[in-house]
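What follows is a short report on a single structure.
The values are calculated or read from the model by the stated rules, or taken from the named source; none is laboratory data. For clarity, every value in this text was computed on a predicted model and none was experimentally measured. Here the Cβ positions follow ideal geometry from the backbone for every residue, glycine too, while neighbour counts run over all protein chains shown. Accessible surface is based on the protein model in full, side chains and every heavy atom, while ligands, DNA and RNA are left aside. Shrake-Rupley method; radii C 1.70, N 1.55, O 1.52, S 1.80 Å.
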Amino acid sequence: MKKLLCSTALITAMALPVAAQDYTPDPKATPGGMITITYKDDVATLDPAIGYDWQNWSMIKSLFDGLMDYVPGTTDLRPGLAESYTVSEDGTVFTFTLRKGVVFHNGREMTAEDVKYSLDRVTLPATQSPGAGFFASIVGFDKISNGEAETLSGVEVIDPLTVQITLSRPDATFLHVMGLNFASVVPQEVVEEMGDDFGKNPVGTGAFKLTDWTIGQRVVFEKNADYWREGVPYLDGVTFEVGQEPIVALLRLQQGEVDVPGDGIPPAKFVEVMNNPTQAAQVVEGGQLHTGYITLNVGMAPFDQLAVREAVNMAINKDRITQIINGRAVPATQPLPPSMPGYTEGFDGFAYDVEGAIAKLSEAGLEDGFTTQLYVMNTDPNPRIAQAIQQDLAAIGVTLEIRSLAQANVIEAGGAGEAPMIWSGGMAWIADFPDPSNFYGPILGCAGAGEGGWNWSKYCNEEIDAMAIEADSFINPAAPERLAMWSQVYQDVMAEAPWVPVFNEQRYTMKSARMGGDDALYVDPVSIPINYDYVYVTE
Amino acid sequence: MAGYLFRRIFQAVLILLGVSFITFVLLYVLPADPVRQIAGRAATAQTVENIRQQLGLDQPFLVQYGRYLGGLIQGDMGRSYLQKTEVASLIASRLPATLLLMAGGIACELLIGLTFGVIAAIYRGRLLDQGLMVTSFVAVSAPQFVVGLLLLYVFAVQLGWFPIGGYGTFEHLVLPSVTLGIMGSGWYSRMMRSSMIEVLRQDYIRTARAKGLTRARVLTRHALPNAILPIIAMIGIDIGIFMGGLVVVESVFGWPGIGQLAWQAIQRVDIPIIMGVTMVSATAIVLGNLLADVITPFIDPRIKMR
């Protein structure tokens, strides 16, 4: 007790502008009903430490909870399993007070020990979690990842309802990290009993629990009647039917057999759907934290010359590319999407200017043009976009050879630094969490520029890297000075033009007529396609 | 007979060994790193290396292959890289659906193909014959993806006779079976036609007619059973041809078979699953051929096993 008092005294409670406005439940919402969601691919896993595709991300969110969570339909943080938290003055010690009486789906009460176990588990190399790196700022991370330790020394259980996490440096994104699926709290006894099969037999504290998983056919969630948040979920359950082609899913939706096609409206059917007033009314449009871009490999001639990179930036007709995808996007000027904090309003980037591009090329001594290769993922609409880029570059005398490959092969070529240019479509960056830092480190920073990294431009500017680190050392993620620094980071990056930011894709979710709830829930930036916990049906 | 069987089984094992080696080599040289797929885009270099080590993918090729083969001999096909589930259980849970679809496909192609073939042979050289042969030519050439969607649109969406994709009841089985069977039916109708024409030319057919049997009776009792013989041996080979079509048909109809599993695994570079499905399919093809060779002498005594 003395120890506790002592440590509490050291902590200064700080009010952070987090969860300013929590979600107001829809007064019209009625409980009951099952909905059907379809997907083409099988669900890979429901283990929150492993699952990292946009299909299982929202499913895992509904089965599990972490200490932090987001206000439905927004990018605003709110406390999850943590009832409250305090941050030390230097921003390195977070003390979370857990909610009382939260139980796992197996009926056992969740405690601080589970939080510690879950964080240890996700960072242990044996777990093979793709999200381990997000926890790098916790004290003891290095030791656990190189096998010297079995647990994170920076995560301490103070009492059954209090857990204290110490960081090796202030990390403005830490609370977002605690809201990632990777930080979900899992029950140790179930994980140990199931071993590698935990992903097929998930047990969490979330709004839904798994009741049936027939491989290749369906995954069924049932409402968790003991859910700790009052009043939700509204639905009795959700059935995910897998193995359904998007075009078949759309036909079934039109027949009233499906509520939401998880893979979206097939590109070839988009115009037809939107031109039909009844169907268009069932489509919800929203922004998403996405940018589609072309990388220019600064390690390969002639893209090692700034003037050439600028010329390519000026030569691309972004409006036309946007038309190719039926206007399902807005042209981009910078790496960050408009809805991301830190986005620079009024920054024009490179305007479409063929004459200027030709002038830039002759400045670089390439008035006769050159030949290069563009790598692109081989699924529609990406090859068509590649052809548009090819035509744009032909107009300034550059001959582009298109290498249309499977996703894994493009990623491999990009990581190995073998690709002069890559169109990011189909692999494009969608933020893990709504913070400007998430668009830098792995895809534009020096950390991602190494062999195998996702920084396909292989662009590495140590000065900008230093500024990024400084920006992330703020305690308050929303501090205006911090966002100003991030805005500067991306403007500095664009001055060196390692990317051509092309567009920010919009999201279109189609739903059956009986689905109710705010439109925001159907384009939830965190739960794609929809937020299962808060939607309801009207019949 | 026993010696023949033993020799054939020994050959089959050699073939499967060869298939496993070639597939493993192809996946090894593939310019796509499975570790990157597992590690995801946010992984640090350390995470990537850890995963590579744990999966043994840092080992030389022969060690990796030796380990895989060692597991395979003990019936262990490993665990999926991304799903972490045992490959054997993934395949086992999907195999019944694939076998059912195959049976449906074979039934359809025989039904359509043999009927067309017999009719064409009877009306040989006339308009009906030419019409049927053009139809079968179209059936052989039509892409299954298109045929599947077309059938789905007409019979499920417009007419509502069948469910729009899925698995479970007899109604679910019809459209995918027909899609799968249509292509094979083209082959069978041509085979059946020429086999039938061949048989109809035989002396015993003329004898049967001469002794006063009706045309219909000659056809059903004398011509058909003999004409069908060479066709039956083809069914074993069909299993191999179907494997390719299954990937497409299962995707279009949401049929939870191993074709769909393979297709998803290829996209995710999930090597243990790709290997597992390849080995199971190869085994099915080898067994199918073996079966065809073994049963042929029983149905046609002119062919002897040596």
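Taken across both chains, chains A and B shield about 3800 Å² of accessible surface from a 1.4 Å probe.
Take the stretch B:220-306 with all the other protein chains still there, run a 1.4 Å probe, and you get 40 Å² of accessible area per residue.
Loop-resident trypsin sites (Lys or Arg not before Pro) (DSSP state other than H, G, I, E or B) in the stretch A:16-122 with no more than 10 further Cβ atoms inside 10 Å of their Cβ: A:28.
With 10 Å² as the minimum drop in accessible area between chain alone and full protein complex (1.4 Å probe), the qualifying residues in the stretch A:407-426 are A:407, A:408, A:409, A:411, A:412. Charged neighbours of residue A:444, selected by a Cβ distance under 11 Å, balance to -2 (K, R count +1; D, E count -1). Modelled label positions at residue A:213 and residue B:207, each set 7 Å beyond Cα in the direction of Cβ, lie 6.7 nm from each other.
Over chain B, DSSP H runs of length four or greater, each weighted -39,500 (n - 2.57), average out per residue to a 222 nm ellipticity of -25000 deg cm²/dmol.
Here the relative contact order of the stretch A:164-307, from alpha carbon pairs under 8 Å that lie six or more residues apart, stands at 10 percent.
For the stretch B:2-73, the solvent-accessible area of protein heavy atoms averages 55 Å² per residue (probe radius 1.4 Å; ligands and nucleic acids excluded).
With a cap of 14 neighbouring Cβ atoms within 10 Å, and only residues DSSP puts in a loop, list the trypsin sites (Lys or Arg not before Pro) found in the stretch A:463-539.
For trypsin sites (Lys or Arg not before Pro) across the stretch A:463-539 that sit outside H, G, I, E and B with at most 14 neighbouring Cβ atoms in 10 Å, the list reads A:514.
Helix A:462-472 versus the longest principal axis of chain A: what angle, 0 to 90°, nearest 10, using Cα atoms? For A:462-472 against chain A, the angle is about 30 degrees.
For the set A:533, A:53, the ranking by accessible area, highest first and with no ligand, DNA or RNA atoms included, is A:53, A:533 under a 1.4 Å probe.
For chain A, what is the mean residue ellipticity at 222 nm derived from helices alone (per DSSP H run of n ≥ 4: -39500 (n - 2.57); sum divided by total residues; nearest 500 deg cm²/dmol)? Intermediate results must be reported in sequence, preceding the final value.
Numbers: 17 runs with 147 residues, N = 539.
-7500 deg cm²/dmol, from helical runs alone.
Across chain A, Cα pairs under 8 Å and at least six residues apart give a relative contact order of 20 percent.
Among B:187, A:499, the order of accessible area from largest down is B:187, A:499, computed with a 1.4 Å probe on protein heavy atoms. Average accessible surface for the stretch A:289-410: 40 Å² per residue, computed with a 1.4 Å probe over protein heavy atoms with every protein chain in place. Using only Cα atoms, tell me the angle between helix A:382-394 and the longest principal axis of chain A; keep it within 0 to 90° and round to the nearest 10. Once rounded, one gets 30 degrees. Screening chain B for DSSP H helices whose Cα atoms reach 24 Å or more along their own axis and whose mean Kyte hydropathy is at least 1.0 gives B:2-29, B:87-122, B:224-253, B:271-299.
About the centre of its Cα atoms, the stretch B:1-60 shows a dipole size close to 260 debye [charges on the beta carbon of Lys, Arg (+1) and Asp, Glu (-1) only; nearest 20 debye]. Inter-chain Cβ neighbour count for B:78-87, averaged per residue, equals 5 (cutoff 10 Å, partner chain atoms only). Since only B:172, B:204, B:10 are under comparison, the one whose Cα sits farthest along the positive direction of the charge dipole of chain B, derived from C-beta charges on Lys, Arg, Asp and Glu, is B:204.
Relative contact order for chain B: what percent, with Cα pairs under 8 Å and sequence separation of 6 or more?
25
A loss of 40 Å² or more of accessible area (1.4 Å probe, protein heavy atoms, ligands and nucleic acids excluded) relative to the isolated chain is seen in these residues of the stretch A:248-295: A:248, A:251, A:255.
Each of A:151, A:51, A:38 was placed along the dipole of the stretch A:9-158 (beta-carbon charges, centred on the mean Cα), and the one lying farthest toward the positive end is A:38.
With a cut-off of 12 Å between beta carbons, the residues surrounding residue A:279 carry a summed charge of +1, where Lys and Arg count +1 and Asp and Glu -1. Just to confirm the number: angle between the C-alpha axis of helix A:54-63 and the first principal axis of chain A, 0 to 90 degrees, nearest 10? Approximately 10 degrees, to the nearest 10.
Using only the Cα atoms of the stretch A:307-460, build the gyration tensor, take square roots of its eigenvalues as a ≥ b ≥ c, and label the shape rounded, prolate or oblate: rounded if a/c is under 1.5, else prolate if a/b is larger than b/c, else oblate. It is rounded, given that a/c, with a ≥ b ≥ c, falls under 1.5. For residue A:269, the lysines whose Cα falls under 19 Å of its own Cα, not counting residues fewer than eight places away in the same chain, are A:40, A:511.
Summing charges over neighbours of residue A:165, with a neighbour being any other residue whose Cβ is under 10 Å away from its Cβ, gives 0 when K and R count +1 and D and E count -1.
Separation of the stretch A:295-326 from the stretch A:516-537 is 36 Å, based on Cα centroids.
Is the shape of chain A rounded, prolate or oblate, going by the alpha carbon gyration tensor and its root eigenvalues a ≥ b ≥ c, with a/c under 1.5 for rounded and a/b larger than b/c for prolate? In terms of gyration-tensor shape, oblate. Taking the alpha-carbon centroid of each part, what is the distance from the stretch A:165-220 to the stretch A:481-512 in angstrom? About 30 Å separates the Cα centre of the stretch A:165-220 from the one of the stretch A:481-512. Residues of the stretch A:207-236 whose accessible area, computed with a 1.4 Å probe over protein heavy atoms, drops by at least 10 Å² once all protein chains are present relative to their chain alone are A:215, A:216, A:217. Split the accessible area of the protein assembly as shown by element, probe 1.4 Å, and carbon with sulfur accounts for 59%.
A Cβ-based charge dipole, computed about the Cα centre of the stretch B:91-299 with Lys and Arg at +1 and Asp and Glu at -1, lands at about 960 debye. Heavy-atom accessible area, probed at 1.4 angstrom with all protein chains present, ranks A:105, A:290 as A:105, A:290, highest first.
Each of A:350, A:420, A:448 was placed along the dipole of chain A (beta-carbon charges, centred on the mean Cα), and the one lying farthest toward the positive end is A:350.
Computed about its Cα centre, the charge dipole of the protein assembly as shown is approximately 5260 debye, with only Lys, Arg, Asp and Glu carrying charge at their Cβ.
By the rule of a C-alpha distance below 17 Å, with chain neighbours fewer than 8 residues away ignored, the aspartates and glutamates paired with residue A:223 are A:65, A:212, A:236, A:533.
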